[in-house]
Every structure is written in structure tokens, then in C-alpha cells.
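Worksheet: the structure to be examined is printed underneath.
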Amino acid sequence: VFLNLLHKDHREPFIRTLRESGVNLTPWDAEFRIHSLDGIEKWVRVAATPEAIEDGVIWHGYVTDISQRKRNETAIEKLAFYDPLTELPNRRMFLERMANAVESCKANGGHGALLFIDLDNFKTLNDTMGHDTGDIFLTQVAERLSGCVGDHGMVARIGGDEFVIVLEFPEGGQPVATRQAIVTANKVLAAMRKEFQLGILDHRSSASVGVVVFDGACQGPE
């Protein structure tokens, strides 16, 4: 019955760790996501000690609901790696993603592209219309930029009005990365030219986009 409650991605780890504990007679301590009988998704920790008996193995232990702890961990991670206004990855996550992208290119001989996006005249909007209007604008910019990126990329906000897009093509050559970077940059420019509805204000904007193509020889995200 418990196996049926497990999230589909956790069934294999459940069976594997249980089998390892039984074969080696080592403590079983693992965490799993389940759907409770009332349909609510929860996290549980299983902690048990195996005992060999005549016809097999039994476990003595307990199951603890750790859902609140998992929620707290998620909230802390979000604060550490995501921009609270736009909910995009922040500079810290961007640097980690770039480092991983460079390592991936180094291992596979692939290429990637980095797009730097600077919003034109954002300071003027912020100063004349107020920070609340500026925040609405930044949130809408984040949504539009996310719509310009496919499965190969990530959008991050790294400063007040500074955004970046990381594109990864682990097995693609420089022509592929360059072509896709240009396509994405044109999408960004087109998206930014469309009118923004900021409360009662109809606002038109533009952006400047810089592009860098990189490979595994890149020295690092900076």
C-alpha cells in the first residue's frame, strides 16, 4: 500500500534503498515524497534498522512527516538563488549555471552563448513614475524574456535593470550557438518594443543586447 502512495519518481529509489538495507543489514534512512490518502502531497523520512529472521528480513523503525522542513528548505533556497521581485534566478544562480555550462562544453566539446540585456531609460521611468511602477515593469520584462528562451536557456536578473540569458548547446558547434544567440536576441528586441501596460500607463521601451559565444576554454563565468 505504501508503495502506491509514493511519488512515481521516488518508487525506484525506495525499492533500491530498501533492498540495499536488507542485503547488507545496514540502517535504512531515506526521504520520499508521497501522496497521502487524502490526496495531499507530503514528504516523509523513513528510519529503520533491519533484523534478519528465519524467512527473511524485518525492519524496526518509524516514518516521520517532514513536509514542513522541506517547505522551509525550499523557501531558504528560493531566497538564496532567486530574485524576490521577478522570481527569476539571481546573480548567484547565474554564476553557478555559467560555471556548469562551461564545464559541460569542456566535457562535450559544445558551445554556449551569453546575452547581456540592459533596459534603456529604466532610471527615467523609475524616477518619474515611482518604484512601484518600475517594479511592475521589471516583472513584465522578466515574463517576456522568459518567453524568448526555449529549453536550452535560462533567464536571470543580475542587477537593477540588468538581465542575462544563458544558452547551452552541449553538443553544438560555434555556428549553432551563434545562430541561436542571434535568433534569441532578435526575439528579445521585438518583445521589448511591444507596449507595456503599467497600471494606467502605456509605456514603450527598448533594450540593448550584447552577445558572447563561449566554449569549454572559457576561463569562468566572470
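The values are calculated or read from the model by the stated rules, or taken from the named source; none is laboratory data. On a predicted model such as this, the values are computed, not experimentally measured, just so you know. When we count neighbours, we look across all protein chains shown, and the Cβ atoms used for this are built from the backbone with ideal geometry, even at glycine.
Okay, here's what the table says:
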quantity	calculated
Lone qualifier among Leu88, Leu95, Leu79 - being in contact with a helix residue (DSSP H, G or I) (Cβ under 9 Å, 6 or more places away or on another chain) and not small (Gly, Ala, Ser)	Leu88
Failed item in (1) in contact (Cβ under 8 Å) with a residue 12 or more places away in the chain; (2) out of contact with any helix residue (DSSP H, G or I) (no Cβ under 6 Å at 6 or more places or on another chain); (3) over 30 Å from Gly216 (Cα atoms), with Ala190 passing the rest	(1)
Of all residues making up segment 121-164, the number that are in a loop (DSSP other than H, G, I, E, B), modelled with pLDDT under 90 and touching a strand residue (DSSP E or B) at 6+ places or on another chain (Cβ under 6 Å)	1
Verdict on Ala217 being surrounded by 14 or more Cβ atoms within 10 Å (Cβ to Cβ) and not polar (S, T, N, Q)	no
Residue within segment 58-77 that is touching a strand residue (DSSP E or B) at 6+ places or on another chain (Cβ under 7 Å), assigned to a strand (DSSP E or B) and surrounded by 17 or more Cβ atoms within 10 Å (Cβ to Cβ) present	no
Count of residues meeting criterion [farther than 14 Å from His111 by Cα and either over 27 Å from the mean Cα position of the chain (by Cα) or exposed (fewer than 12 other Cβ atoms within 10 Å of the Cβ) (or both)] in segment 160-205	14
Inter-residue pairs, beta-carbon under 9 Å, first assigned by TED's automatic domain parsing to the domain that holds Val46 and in segment 17-31, second basic (Lys, Arg), 6+ apart	Asp29/Arg45; Ala30/Arg45; Glu31/Arg45; Glu31/Lys70
Test: Ala52 is of a type in the set (Gly, Ala, Ser), surrounded by 13 or more Cβ atoms within 10 Å (Cβ to Cβ) and farther than 29 Å from Met93 by Cβ	no
Considering residues of segment 95-120 that are in a helix (DSSP H, G or I) and in contact with a Leu (Cβ under 9 Å, 6 or more places away or on another chain) only, the residue surrounded by the most Cβ atoms within 10 Å (Cβ to Cβ)	Ala101
Subset of segment 1-43 [β-branched (Val, Ile, Thr), within 19 Å of Gly61 (Cβ to Cβ) and not in a strand (DSSP E or B)]	Val1, Ile15, Thr17, Val23, Thr26
Test: Phe169 is in contact with a helix residue (DSSP H, G or I) (Cβ under 9 Å, 6 or more places away or on another chain), over 25 Å from Asp202 (Cβ atoms) and of a type outside the set (S, T, N, Q)	yes
Identity of the residue in segment 25-41, in contact with a His (Cβ under 7 Å, 6 or more places away or on another chain) and closer than 12 Å to Ile66 by Cβ, that ends up surrounded by the fewest Cβ atoms within 10 Å (Cβ to Cβ)	Arg33
Hits in segment 166-209 (condition: assigned to a loop (DSSP other than H, G, I, E, B) and hydroxyl-bearing (Ser, Thr, Tyr))	Ser205, Ser206
